[in-house]
Each structure stands twice: as C-alpha cells, then as structure tokens.
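Worksheet: one structure, shown below.
The values are calculated or read from the model by the stated rules, or taken from the named source; none is laboratory data. Quick caveat: nothing in here was measured; it's all calculated off a predicted structure. Reconstructed Cβ throughout: ideal geometry from the backbone, glycine too, with neighbour counts over all protein chains shown. With ligands, DNA and RNA removed, areas are computed over all heavy atoms of the protein, side chains included. Shrake-Rupley method; radii C 1.70, N 1.55, O 1.52, S 1.80 Å.
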Amino acid sequence: MTSPLSRRAAGMRRSDVRDLLRHAGEPDMISLAGGLPAASLFDLDGIRAATAAALEHSPAACLQYGMTEGQPALRTALVAHLADQGIAVDEAGLVVTAGSQQGLDLVARALLDEGDLAVVERPSYLAALQALGLNAPRFATIAVDAEGGCVDALDALPEAPRPKLVYVVANFANPSGATLSLQRRRRLVRWAARRQVFVLEDDPYGALRLRGAALPSLVELAREVPGAAQWCGYAATLSKVVAPGLRVGWLVLPPWLQEAVVRLKQAADLQTASFTQEVAARYLASGRLAGRLAGLRAEYGRRCDRLVAALQGAFGACLDVRAPDGGMFLWCRFTDGTDTRALLAHALRRRVMFVPGDCFFADDPDRSALRLNFSAADPDRLAEGVARLADAHRACRAGEP
Ligand SMILES: Cc1ncc(COP(=O)(O)O)c(C=O)c1O
C-alpha cells in the first residue's frame, strides 16, 4: 500500500532519547540517559502554594482561554526573571510557548522552506534536529570544541544561498556540555548582523551553572552591534529549573519574527495552557527560585563530580570525559573505537542506560561518543551504574553476544 502519510510525517525519525525513556522505569535500571531534572528536588511546597494562590486570586485567568502571546501575569514575571539574568526585554518582545521545544518548532517553521540552509552544531540537540528537520532544510554543521561552536567556520559558508537559521545552545550544550566563549559569542552576533541571518540561542541550562561566571546571552550582546538585534533571538524554559511538567517556555524575538511566530502558534495550539502559566507566574513572583537554584547547582555539581570520578577510575584513558561548567550532561568519547550503539545493547542487559552519541548529528555521526546524564540518577547509584557500564564495555570489546 502507498503510505497515506505526508512526506513530512513518513520521513521523520523517532527520538532515540524518548524511546529509551520507556526502559527507565524498569526494575533495577540505572538511567544515565534522559535529560530529566531530579524529581526529588522539585519544589513541591512552592508549586503547591503557587497553585493554591493562582486558583484563589485569579480563578478566571487560570481556567479561561488567554492570549496567544501568553498570560499578562507571566509575561510581567518573566520580564523581571530575565532582567535578573541581564536580559533587558519588555513584555511586547516575549511569546510564551509550550516548553522551549515549541519555541524551536515555531521559529523553524517561520523561517525555513524546504531546501533552505540551516546551521547547527555537531553534535546538536536531538529534538532541535527533529524540529528543524520537519521543514526539510539542508543542514550545514559547525564543529564544537572546548570553546563551544566553531563559529569562524560560518565565514566559509558561501554568500548565496544565505543560511536562514543558525541554532546554538551557548551554555552547557546538550549533548556536548560545551559553553560558547565570549569572544565567539561576539563574533557570532557580528556575523549575524553582517550576513543578515537569524541566530536562535536556546538556553534551557544557563541557570544551572556549576562553576565560573555567567556569560552574556547573544540577545544582550546584540545591543552593542548596530542592526544585530533584528537577527538574534532567545528561547528558554522553566523545565530544567522548576518543572518540565508545567510546559512553560518563552521566546524573545525581534518584532518581524514575533508576529509570524504568534500566527503559527495560533494555528498550532491557540495558546499555552493558562493554568500552568498562572502557576508559573505566581511561583516566579514568590521569589523562591533563587534559593532553589542554589540548591540545584550544589547538588548537580556533586553528582557531576561523582560521575566524572567514577568514569575516570573505571575507564582511564580509554574514555575521554569532558566535564562541563554546568547543565546536566557529560559528553564522552571512547578512544578505543568502541561503537556506543553496540555497547548500549550490552548496557541494557546489565540494567544501565545512556544515549549513544550518533543520534545527535545532522551529518557524519560520531559512533564512539555517548551522552551521560548526571542530574536524574540516584547519586548513590552512580558508581554502580559506571561499574555496570565498564562490564558492558568489556563484553562489547570481547565480542560477547
Ligand atoms: C537544548 C534543549 N532545548 C530545549 C529543550 C526542551 O525543553 P522544554 O520543551 O521542556 O522546555 C531541551 C530539553 O531537553 C534541551 O535540552
């Protein structure tokens, strides 16, 4: 039978990360795979209080339809939240989205026609590759090193056709953990203004800095470069710092793009859920987040150090481990040629899981890389998880079935 599916639906690959999640709940499984925040660190009291206050003081706003751009109370709270991070924006420049994932989807749809050039890092966030890929662009990639994406490579792109979108995660990228240096951020913003190409910075992890000082976002730096503000945007979310179940994210966009994104969002879902937006607004206004973030950073820092030490102890030089300055992930690479997809089968049998690195590439996948998450696993089981991984690696190298 000829498939009744659209080319777009038929051609789309499933997310390995989401597919792996179904193993996470199996008995005795140690998951180092997902990008989940630690459930034990959710601020249940704070969210409960915010929910009760929202229902008591603004029941109609919680339960009624609202504006596509977002609930006024949340947009006001987000302006203050962003100002704390040095991002000056007014409410008109914000669109609330259903997680930052929807922001990526809407920006990609607003900019990309089939065959257009989109630039991503190698490696890049898997679900961004899916969202951009839905529009059937051609991908160009830039390598990632210790200073983040090698943005110099953008100069080598031909003048025509001009790329339509550059997608970067500048802080503690998923999966590489790399952070774009200040010098490269400045260079990227100047390039965007000169070439008139839109650059979207996706920043779900910036608040989860484990060491070092914060760097300015691209939208802030764009204020220093004439014309650049038209070509830089910012996507962020409460998922990693409050709770992904709220599905509250937002976009900061120049007006020409914001208009288009709002129209697309009307078609997609009319608006993000009023209820969770009102809860998020109350939660942000309660001032609890700063204290919670300090606790999250301290705990994730401990977990990261513990995982790095266990990996170095178990694998030595045969695994190159990059400890990030923040976020949730370790990006590792076997130096002995181990194929991490083959390794995953051995690992699952030993009740430990990770994400093979090859799924994070728009082109030329690295089959010896893997992504390990340190935020979600029980910290007391990290060493056991690594011991299981080491045994899986031994079996894989020995060619055991
Ligand atoms: C880089 C990056 N962007 C966006 C998202 C999507 O987050 P959400 O839609 O929950 O805000 C994630 C989630 O893992 C991510 O790692």
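Observations, loosely collected:
- Solvent-accessible area per residue, Å², over the chain with all protein chains present [probe radius 1.4 Å]: 42 Å²
- Fully extending the segment from GLU114 to ALA60, taken as 0.36 nm per residue of separation minus the present Cα-Cα distance, adds 15.2 nm.
- Hydrodynamic radius by Kirkwood, which averages 1/r over all alpha carbon pairs of the range 140-202, in angstrom: 11.9 Å
- Ranked by the mean number of other Cβ atoms within 10 Å of their residues, highest first, the peptides 310-316, 148-154, 202-208, 182-188 come out as 202-208, 148-154, 182-188, 310-316.
- Convex hull volume per residue in cubic angstrom - Cα atoms of the chain: 157 Å³
- Basic side chains Lys and Arg get +1 at the Cβ, acidic Asp and Glu get -1 at the Cβ, and with that the dipole of the range 216-305 about its Cα centre reaches some 320 debye.
- The portion of the accessible surface of the range 151-278 made up by carbon and sulfur, rounded to a whole percent, is 57 (1.4 Å probe; DNA, RNA and ligands excluded).
- Share of alpha-carbon pairs per 5 Å distance bin for the range 3-67, given as whole %: 3, 12, 11, 11, 9, 12, 15, 15, 9, 2, 0
- Within the range 68-181, DSSP assigns beta bridges of which about 20% are antiparallel (rounded to the nearest 5).
- Computed over the Cα atoms of the range 171-290, pair by distinct pair, the Kirkwood hydrodynamic radius stands at 16.0 angstrom.
- Within-12-Å neighbourhood charge of PHE198 [Cβ basis; K, R +1; D, E -1]: +1
- Pairwise label distance in nanometres, ALA317 with ARG162, each label 7 Å out on the Cα-Cβ vector: 5.0 nm
- Counting protein heavy atoms only, the range 362-401 has 47 percent of its accessible area on carbon and sulfur, 1.4 angstrom probe.
- Annotation for ARG223 and GLU26: the two label points, set 7 Å from Cα along the Cα-Cβ direction, are 5.1 nm apart.
- Summarising the strand pairing of the chain, around 55 percent of its internal DSSP beta bridges are antiparallel.
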